[in-house]
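> This is the structure I want to talk about, given as structure tokens.
None of the figures in this text is laboratory data; all of them are computed from the coordinates on show. Being a predicted model, the structure only gives us computed values, none of them experimental. Because the Cβ atoms are built from the backbone with ideal geometry, glycine has one as well, and the counts that use them run over all protein chains shown.
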């Protein structure tokens, strides 16, 4: 393993290396290339065979004896089977709905909250800020939160998947520090022109904060889509199950689905293809949103957030 | 959210206090009422799902029964639940498992994002680097259910590895249910899921190192490895120290869903950690006061560790998770 310390952005051509830089040795370059390839394969390899298996016919899966590595024709049988049946399609709908509603609520509440905490010296600023920062260092515990949720009568309600995790202290603090870095003169001049706080937030602050808002919304969305434990805890009614519970029950534990459905457990495409298709359905939203927000990761928001 | 929580509460140097700071509180209230209104939804959520549950931990000191007494009438039994915890072999096992997993991952997980960042940073072609970064960050956005499902398909009894071994006439393997290798399995899963994302903070630190230092060292005759030793690593030192301290402050947290999901497959002996113990002892067996005591114990010790870790971070001249003022 050699990590040549070349300047970022410098070209691989020796002519473009800085004059003081050594040419990387062939062995060094070869071992680095191998390592990088292995790392990329470790991530993409499993995804490749899972997607391929979900697109394979029963015969192909049987011949492969399990996961398919070499494509032999593509078929969407498994997906047709899944979506012609209600159990998984309903779970996809539930997950989508909870994710959309939760993201909207969380992002809205966090933006308002973060903006209201971005003005040191305002009324009750310190205690309100303190109550958010405390969330970083102490978690009340699974059981009291569970008792609260069931005490509010939220068991078996979709709200139980949203409200307990609606505020992430981390996201609020990211938004707040971004808002605080907006030059005070901009806001002051708006105030002199007679704009109220709501107007300033909507017309000035938010348009300046599109990137950070997008990243925060994405973190919330990924959290809601991925959440498994809260659903396991609060949702007993199998008709309200989100996708994560189906994934656990059917794919990981290989238990038959609740109210099992001729379609999914039937014999036409093998169970493995259906299992892998469910995995793919669970991955896809992350893969769609991810590139849209990825460019903000390295520059801007996250790095800026780290440097404080 | 792992490493990124570090140093978060940023205090701007200017502390834009308006000059008319000395307003009477009524005038301040009138001036800031729209800000307070904006805060209200968040305040209600935090009250409902943080403060009230936090205070609800009084049931840890009760012989709590939700049906006969509830939180008001259940008898107070002082520290009995806590005393019982320390005679419960399962609780002690949860504690030992948690701490050994933290220690193990400190050695076998913690350095991985650093090495990955050095590797990524050394990729000369900007386009290739962006591609590799995009790939290694991705699993961070997968859920634990998904990661466990994927690992099961790779290393489980019916997984790809077993399948390939059997085709070649060997015996199959099943790492997903082997309690002896469980710690290796979860560490591998954590590396697969989180190491790429964890590298971001080190990449950020690497990009702040002054390139002139490298040139000066090269002119002085320091070759690649010496430059790494004398410039890169010292440049990363503050971040490494900070994250190390924070990880120690977070020693009781080893991940929750990851363990809940795999507890039944490998058995509780190897996989019981604090959080799973709270769930199983409290919600599964129905002794809510006892489970809450375990949860509160973990929460308070965790709080102490974080405060201690921040003291240490401040002593090193770092900002820590929170800073004073």
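> When the Cα centres of region B:97-148 and region A:47-113 are compared, how far apart do they sit, in Å?
After rounding, the separation between the Cα centres reads 25 Å.
> Additional query: What is chain A by shape, rounded, prolate or oblate, if you read a ≥ b ≥ c off the alpha carbon gyration tensor as root eigenvalues and call it rounded for a/c under 1.5, prolate for a/b larger than b/c, and oblate otherwise?
Taking the square roots of the gyration eigenvalues as a ≥ b ≥ c, chain A is oblate.
> How high is the relative contact order of chain B, in percent, counting Cα pairs under 8 Å that sit 6 or more residues apart?
After rounding, I find 26 percent.
> Then there is this: Take every residue in peptide A:173-184, count the Cβ atoms of other chains within 10 Å of its Cβ, and give the average of those counts.
The mean count of partner-chain Cβ atoms within 10 Å per residue comes to 3.
> Taking beta carbons within 10 Å but only from partner chains, what does the mean come to for residues A:106-115?
Averaged over the peptide's residues, the number is 4.
> Right, something else. Using the per-residue mean of other Cβ atoms lying within 10 Å as a proxy for protection, in what order, highest first, do the peptides B:105-117, B:290-302 fall?
Result, highest mean first: B:290-302, B:105-117.
> Under the rule a/c < 1.5 gives rounded, and otherwise a/b versus b/c splits prolate from oblate, where does region B:185-226 land using the Cα gyration tensor?
Oblate is the answer for region B:185-226, as a/c is 1.5 or above yet b/c matches or exceeds a/b.
> So what is the relative contact order of region A:85-266, in percent, for Cα pairs below 8 Å that sit 6 or more residues apart?
This gives 42 percent for region A:85-266.
> Suppose R0 equals 35 Å. What FRET efficiency, 1/(1 + (r/R0)^6) with r the Cβ-Cβ distance, do residue B:179 and residue B:207 give to the nearest 0.05?
Once rounded, the FRET efficiency stands at 0.25.
> Highest mean first, how do B:76-87, A:98-109 rank when packing is the count of other Cβ atoms within 10 Å averaged over residues?
Highest-to-lowest ranking by the protection proxy: A:98-109, B:76-87.
> Considering every residue in B:155-163, what mean count of other chain Cβ atoms within 10 Å of its Cβ is obtained?
Taking the mean over all residues of the peptide, I get 3.
> What is the projected area of the convex hull of the Cα atoms of the protein assembly as shown, averaged over all directions, in nm²?
33.2 nm²
> Sort B:159-170, B:268-279 for me by packing, meaning the mean count of neighbouring Cβ atoms within 10 Å per residue, highest on top.
B:268-279, B:159-170
> Something else now. How would region B:54-195 be classified by its alpha-carbon gyration tensor: rounded, prolate or oblate, with rounded meaning a/c under 1.5 and the a/b versus b/c comparison settling the rest?
Prolate, since a/c reaches 1.5 and a/b exceeds b/c.
> In the P(r) worked out for region A:21-78, what percent of Cα pairs fall beyond 12 Å?
Considering region A:21-78, 70 percent of its Cα-Cα pairs are separated by more than 12 Å.
> Same structure again: In whole Å and largest first, what semi-axes does the C-alpha gyration tensor of region A:85-266 yield when each eigenvalue is scaled by 5 and square-rooted?
The equivalent ellipsoid of region A:85-266 has semi-axes of 40, 18, 12 Å.
> Grab the eigenvalues of the alpha-carbon gyration tensor for chain B, scale each by 5, take roots, and send me the semi-axes largest first in whole angstrom.
Working from the Cα gyration tensor, I get semi-axes of 39, 35, 18 Å.
> Let me ask something else. How big is the shadow of the Cα convex hull of region B:159-253, averaged over all directions, in nm²?
10.0 nm²
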